[in-house]
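Taking it in order: structure first as structure tokens, then the write-up.
The values are calculated or read from the model by the stated rules, or taken from the named source; none is laboratory data. Note that the structure is a prediction, hence the values are computed from the model and not measured. Cβ placement follows ideal geometry from the backbone for every residue including glycine, while neighbour counts extend to all protein chains displayed. Calculation scope for accessible area: heavy atoms of the full protein, side chains included, ligands and nucleic acids excluded. Shrake-Rupley method; radii C 1.70, N 1.55, O 1.52, S 1.80 Å.
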Amino acid sequence: MRIILAALSAFAVSAVAGKLLIPALRALKAGQSIKEIGPNWHKGKEGTPTMGGFMFIIAAVAAVVMFGWQDMADGDWSALFVLIFALVYGAIGFVDDYSKVRKRENTGLTAGAKFLLQLAAAIAFLALLRFYGELSPNLYLPFINSYAILPWPVYLALSAFIIVGCVNAVNLTDGLDGLAGSVTLPVMVFFAVLSLWWDQGAIGVLAGGIAGGILGFLAYNFYPAKVFMGDTGSLFLGGAVCGLAFALDAPLVLAPVGVIYIAETMSDIIQVGYFKLTHGKRIFRMAPLHHHLELGGWSEVRIVLTFAGITIAFCLLAFVGVMYRGAL
């Protein structure tokens, strides 16, 4: 019941926050700059307020404060750890967004600076979970319902790079109106249900809160978008997705639930690699995948609904793959 109340409250907070935040962003001239290399019709989106991710960030914080305080009083800090971790990534995104707005172009922090900041945050988060006994190097294998025993340094290094890769995959998915939010919403519902199944209600409150916050945000972000989440929002969501998976000590679940994130990222990697190897040839019309489909005649709404539907199907599959872990 707490999870449902957290989701409903977060939805209300996010929806109300949008009414106040969007005019404020317009007044601050915090408009999105559109890359020249993107589809030419996206230039019409130029100037749409960005950093709208603050809507579901505020909502998530409110949900944890309202419905997670008892868990913290009882000594369960897992939701707070994940929330802080996601907030750190959101802060990195905010610095990037602010730099873009100030310079009036779609370039913020350098790739190297972002990578180092994200890697440091990932390592600190994993070490914190390990210190408090929330995480072990015994890597749970979904579907097989078994464990792979890894040395902690190996697990730490592997997991840190998985987190950085996953967070940036979520960021890459944020390329169409409502896309990143619509794909991440079922992922958050999955984590909320899984936490309830595994009796980890604190994590469920956070996941439910983020789900509700995203839903409130989508009221303004679905096509045609009145606001974009910006790197502030997409990096926060990426941090939350990864943080929840590791806090539940089931990081490999990121593969099925993040199937769209992976497809988007792989399309980009394949396109760049093939372009360099063949000196100018392309596999996709444009990368990442959502742009390829756009240029193939798909509408933004069709792409968003299709990707969200695929994510829902894979979240259901993932749940089947992990639901018997408690029987071990």
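Find, to one decimal place in angstroms, the Kirkwood hydrodynamic radius of the chain, where the mean of 1/r is taken over every pair of different Cα atoms and then inverted.
On the way: mean 1/r = 0.0502 Å⁻¹.
The Cα-based Kirkwood calculation yields 19.9 Å.
Using 0.36 nm times the number of residues separating PHE275 and TRP298, minus their current alpha carbon distance, what extension gain do you get? Could you put the intermediate results ahead of the total?
Working: separation 23, 0.36 × 23 = 8.28 nm, distance 2.38 nm.
The PHE275-TRP298 span can extend by a further 5.9 nm.
For the range 199-208, take each phi angle, set θ = phi - 60°, evaluate the Karplus expression 6.51 cos²θ - 1.76 cosθ + 1.60, and give the result in whole Hz per residue in order, putting x for glycine and proline.
Here the 3J(HN,Hα) series is 6, 10, x, 4, 5, x, 4, 5, 4, x Hz.
Given the Cα-Cα distance of THR110 and TRP69 and 0.36 nm per residue of separation, how much length would full extension add, in nm?
Gain on stretching THR110 to TRP69: 11.0 nm.
Would you mind checking the tilt of helix 152-173 against the longest principal axis of the Cα atoms of the chain, expressed as 0 to 90 degrees and rounded to 10?
Once rounded, the angle reads 40 degrees.
Tell me, in nm to one decimal, what length is gained between ALA124 and ASP199 on full extension, where the rule is 0.36 nm per residue of separation less the Cα-Cα distance? Don't skip to the answer; put the middle values down first.
Values: separation 75, 0.36 × 75 = 27.00 nm, distance 2.58 nm.
Extending this stretch completely gives an extra 24.4 nm.
Between beta-carbons, use under 13 Å as the cut-off and find the net charge around ALA111, counting Lys and Arg +1, Asp and Glu -1. Provide the component values of the computation, followed by the final result.
On the way: positive: LYS114; negative: ASP96, ASP231.
Around ALA111, the charge tally is -1.
May I ask for the net charge around LEU129, where only other residues with Cβ less than 15 Å from the Cβ of LEU129 are counted and Lys, Arg are +1 while Asp, Glu are -1?
Numbers: positive: ARG130; negative: ASP76, GLU134, ASP249.
Result for the local shell: -2.
For the chain, which whole percent of the accessible surface, found with a 1.4 angstrom probe, sits on carbon and sulfur atoms? Don't jump to the answer; show the numbers that get you there.
Numbers: 10090 of 14290 Å².
So the carbon and sulfur contribution to the accessible surface is 71 percent.
Could you do me a favour and compute the accessible area per residue for the chain, 1.4 Å probe, result in Å²? Spell out each step's value before the answer.
Numbers: 14290 Å² over 328 residues.
Accessible surface, normalised per residue, equals 44 Å².
Taking the Cβ-Cβ separation of ALA219 and ILE283 as r and a Förster radius of 41 Å, what is the calculated FRET efficiency to the nearest 0.05? Please list the in-between numbers first.
Values: r = 36 Å, r/R0 = 0.88.
So the FRET efficiency works out to roughly 0.70.
On a 0 to 90° scale, report how tilted helix 78-103 is relative to the longest principal axis of the chain, with both axes built from alpha carbons and the result rounded to the nearest 10.
10 degrees
Can you compute the FRET efficiency between LYS29 and ALA313 using 1/(1 + (r/R0)^6), with r the Cβ-Cβ distance and R0 = 45 Å? Round to the nearest 0.05. Before the final figure, lay out the partial values.
Details: r = 41 Å, r/R0 = 0.91.
E(calc), rounded to 0.05, equals 0.65.
Amide H neighbours of TYR147 under 5 Å, counting only residues 5+ apart in sequence or on other chains, H built in-plane at 1.01 Å?
LEU141
Could you work out how far helix 259-277 tilts from the main Cα principal axis of the chain, as a 0 to 90 degree angle to the nearest 10?
50 degrees
Can you tally the net charge around ASP74? Count Lys and Arg as +1, Asp and Glu as -1, for every other residue whose Cβ sits under 14 Å from the Cβ of ASP74. Let's see the in-between values first.
Working: positive: ARG2; negative: ASP71, ASP76, ASP199.
Every neighbour counted, the sum reads -2.
Filter the trypsin sites (Lys or Arg not before Pro) in the range 258-328 to those in DSSP coil with at most 16 other Cβ atoms within 10 Å of their Cβ, and list the result.
Values: sites: LYS276, LYS281, ARG282, ARG285, ARG302, ARG325; in loops: LYS281, ARG282, ARG285.
Taking the range 258-328 and a limit of 16 other Cβ atoms within 10 Å, the loop trypsin sites (Lys or Arg not before Pro) found are LYS281, ARG282, ARG285.
What order, most packed first, do the peptides 78-85, 205-212, 307-314, 12-19 have when packing is the mean number of other Cβ atoms within 10 Å of each residue?
Per-residue mean Cβ counts within 10 Å order the peptides as 205-212, 78-85, 12-19, 307-314.
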